[in-house]
1. Using a cut-off of 14 Å between beta-carbons, work out the net charge of the residues near Ile87 (Lys and Arg +1, Asp and Glu -1, Ile87 not included).
2. Run the quick spin-label model on Thr11 and Leu48: label points 7 Å from Cα toward the beta carbon, then report their separation in nm to one decimal.
3. Suppose the chain between Asp20 and Ala76 were pulled fully straight at 0.36 nm per residue; how much longer would it get relative to their current alpha carbon spacing?
Amino acid sequence: MTPQAKLVPATPVIVIVDDDPAVRGSLAFSLQTEGFAVRSYASGAELLKEVPPVAKTGCLVIDYQLPGMNGLDLLAELRRRHVTILITTHPSAAVRGRAAATGTILIEKPLLGDTLFLEIRAALTI
């Protein structure tokens, strides 16, 4: 088995990047109760230190307002490897346009109902 093959998890990993520890913790808890494997990071730089950040299967849930780089800058760095979901409050037209241009799913906070779970499940079936 090649070293890269060992990095692929049995189940998809959902990666959360959000600078707010309460949001990060509650998202991780909610996703874990839905049966997802979860990894959490407080910033884009923290995620990018880990190579590879997740195996080829998985989904990223990223806050727009992060320290050091915003969520869309982080997505631009990662988008060719992963399906991505951007979460934010009151996105501007520019943020919406940039997210759409990169093929990023945008969900507005507060995260109500099952929207996030449904989008993650749909993204993982691609």
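Read-outs: derived from the displayed coordinates by stated rules, not from any lab. These numbers come from a predicted model, not from an experiment. Because the Cβ atoms are built from the backbone with ideal geometry, glycine has one as well, and the counts that use them run over all protein chains shown.
1. Once all neighbours under 14 Å are counted, the net charge is -3.
2. Placing both labels 7 Å along Cα→Cβ, they lie 3.1 nm apart.
3. This chain segment gains 18.0 nm when fully extended.
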